[in-house]
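The values are calculated or read from the model by the stated rules, or taken from the named source; none is laboratory data. Quantities reported herein were computed from a predicted structural model and do not represent experimental measurements. Positions of Cβ are generated from backbone atoms using ideal geometry, with glycine treated the same way; all protein chains shown enter the neighbour counts.
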Amino acid sequence: MMLSENMKAIRKSKGLSQQELAVKLNVVRQTISKWEQGDSLR
């Protein structure tokens, strides 16, 4: 499993939206979206 897939699965298992996770990590929601899509990991 790729990091992006793990991240999305863990976030969903915790019942967090991308926005909620972004707030916890002090990043913008678009960053979470990019991480989950693997866009910024290449």
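Note on the range 1-41: residues that are exposed (fewer than 12 other Cβ atoms within 10 Å of the Cβ), at pLDDT below 95 and either within 9 Å of the chain's Cα centre (by Cα) or outside any loop (DSSP other than H, G, I, E, B) (or both) total 4. So the check is Cβ under 7 Å with 6+ separation or different chains; which pairs have a first residue in the range 1-17 that's over 11 Å from Q37 (Cα atoms) and without any contact (Cβ under 8 Å) to a residue 40 or more places away in the chain and a second one that's of a type outside the set (V, I, T) and surrounded by 11 or more Cβ atoms within 10 Å (Cβ to Cβ)? Correct list of pairs: R11/L21.
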